[in-house]
Each structure stands twice: as C-alpha cells, then as structure tokens.
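The values are calculated or read from the model by the stated rules, or taken from the named source; none is laboratory data. Predicted, not measured: the structure shown is a model, and the values here were computed from it. Neighbour counts run over all protein chains shown; Cβ positions are idealised from the backbone, glycine included.
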C-alpha cells in the first residue's frame with residue numbers, strides 16, 4: 001500500500017498533467033502526457049481499490065463474502081482484473097466458468113473439462129457431442145462462459161469437436177443437385 005504522503009504528490013501530478021494537456025499544441029507531446037495521465041490515474045485507482053479490498057477482507061467472513069459478491073459482478077470483475085486484484089486466480093475463474101456451463105452442456109448430453117491452462121492458453125476437452133449443431137452450441141456456450149469470467153485468457157482450444165469441423169457453407173450448385181434439379 002502507498003503511504004499517505006506519497007499519494008498527495010500523485011494527485012498533484014494528475015492535476016498538473018490535466019493542465020498540460022489542456023494547453024498542449026503538439027500532438028506527440030499531448031499523447032505522451034495523456035499516456036502518463038492515464039497511468040497516474042490507474043495507479044491511484046488501483047491503490048484505492050486495493051485498500052477497499054483489504055478493509056473488506058479484514059472485516060472477517062462477512063467482508064470476504066462481500067468481496068466474492070463484488071467479484072461476481074461482471075463490470076466489477078473486469079475492473080478488478082484490470083488492476084490485478086481479482087480475488088480468484090485464473091484457473092479458479094476458468095473452473096467456475098465451466099461449472100456455469102454444466103446445466104447447458106448436460107442438456108445436450110455433453111460435458112467439458114479443463115485439461116490445460118499453461119500461460120493462459122486454455123485447453124478444454126468436450127465429451128458426448130454427437131452432431132454438428134450440438135458441437136456449435138456447446139462450443140459457443142463454453143467460449144461465452146470462459147470469456148465472461150476469464151477475459152484474460154490468451155487462447156482457448158476446445159477439443160473433442162474436431163469431427164464436426166466441416167464447413168457450414170454449402171454452395172448453391174450443390175443444393176440444386178441435391179434437390180434433383182441436376183443444374184439444368
């Protein structure tokens with residue numbers, strides 16, 4: 001945590017950067033000042049958020065429950081992730097996302113499991129999918145759940161659906177042949 005005497009100069013620096021941006025004519029310098037301003041504001045906000053979370057955690061079980069409740073809100077979770085303050089680690093968020101898909105996937109007779117998460121590169125294995133429609137639906141549900149709770153995932157690979165990876169596009173000429181038209 002930053003000590004109080006160090007916060008005041010940061011706040012003063014933010015005010016100075018805003019003044020500079022207001023009076024800047026050179027675009028390159030303005031961009032550099034804007035970048036520094038954003039970094040200074042993020043430092044201040046990050047410090048404030050960290051202090052809020054520390055106080056909540058220090059309030060015992062009720063405080064911890066409140067932290068978890070806040071982290072369940074998608075907007076708050078995004079901000080906590082931005083500042084590196086989310087209470088759940090990456091893999092826990094991924095596992096929770098997969099748990100959230102359990103009902104949807106089981107309705108299609110399928111299930112998903114995390115088989116790897118090295119470096120934020122997720123590998124999910126799906127079982128029980130028997131057709132292309134289900135494969136698309138299941139994959140979409142998994143992707144949506146993962147990116148909602150773990151937007152910091154570097155990549156997402158879903159295995160077990162490879163045999164349904166045929167292109168969805170059917171050329172019009174093929175449809176005419178299938179319909180018995182013969183193309184004439």
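When 52, 14 are screened for being on the phi < 0 side of the Ramachandran plot and modelled with pLDDT of 90 or more, only 52 passes. Which residues, taken from the range 41-86, are closer than 30 Å to residue 15 by Cα and not in a helix (DSSP H, G or I)? Of everything in the range 41-86, those that are closer than 30 Å to residue 15 by Cα and not in a helix (DSSP H, G or I) turn out to be 83, 84, 85, 86. If the condition is being touching a helix residue (DSSP H, G or I) at 6+ places or on another chain (Cβ under 8 Å) and surrounded by fewer than 18 Cβ atoms within 10 Å (Cβ to Cβ), then the range 94-105 contributes 96, 100, 104. Which residue is farthest from the chain's Cα centre (by Cα), if the candidates are limited to the range 58-68 and must be within 14 Å of residue 85 (Cα to Cα) and surrounded by 14 or more Cβ atoms within 10 Å (Cβ to Cβ)? Per the criteria, the residue is 64. Entry remark, the range 106-129: residues being out of contact with any helix residue (DSSP H, G or I) (no Cβ under 9 Å at 6 or more places or on another chain) and farther than 23 Å from residue 80 by Cα number 7 in total. Of all the numbered requirements in (1) in the same structural domain as residue 39 (by TED's automatic domain parsing); (2) surrounded by 12 or more Cβ atoms within 10 Å (Cβ to Cβ); (3) modelled with pLDDT of 90 or more; (4) in contact with a helix residue (DSSP H, G or I) (Cβ under 8 Å, 6 or more places away or on another chain), residue 138 misses one, and that requirement is (1).
The rows are residues; the columns are (1) in a loop (DSSP other than H, G, I, E, B); (2) at pLDDT 75 or above; (3) within 20 Å of residue 127 (Cα to Cα).
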{"residue": "142", "(1), (2), (3)": "no, yes, yes"}
{"residue": "145", "(1), (2), (3)": "no, yes, yes"}
{"residue": "148", "(1), (2), (3)": "no, yes, no"}
{"residue": "152", "(1), (2), (3)": "yes, yes, no"}
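Taking the conditions (1) surrounded by 16 or more Cβ atoms within 10 Å (Cβ to Cβ); (2) within 26 Å of residue 148 (Cα to Cα) in turn, residue 91 satisfies each one other than (1).
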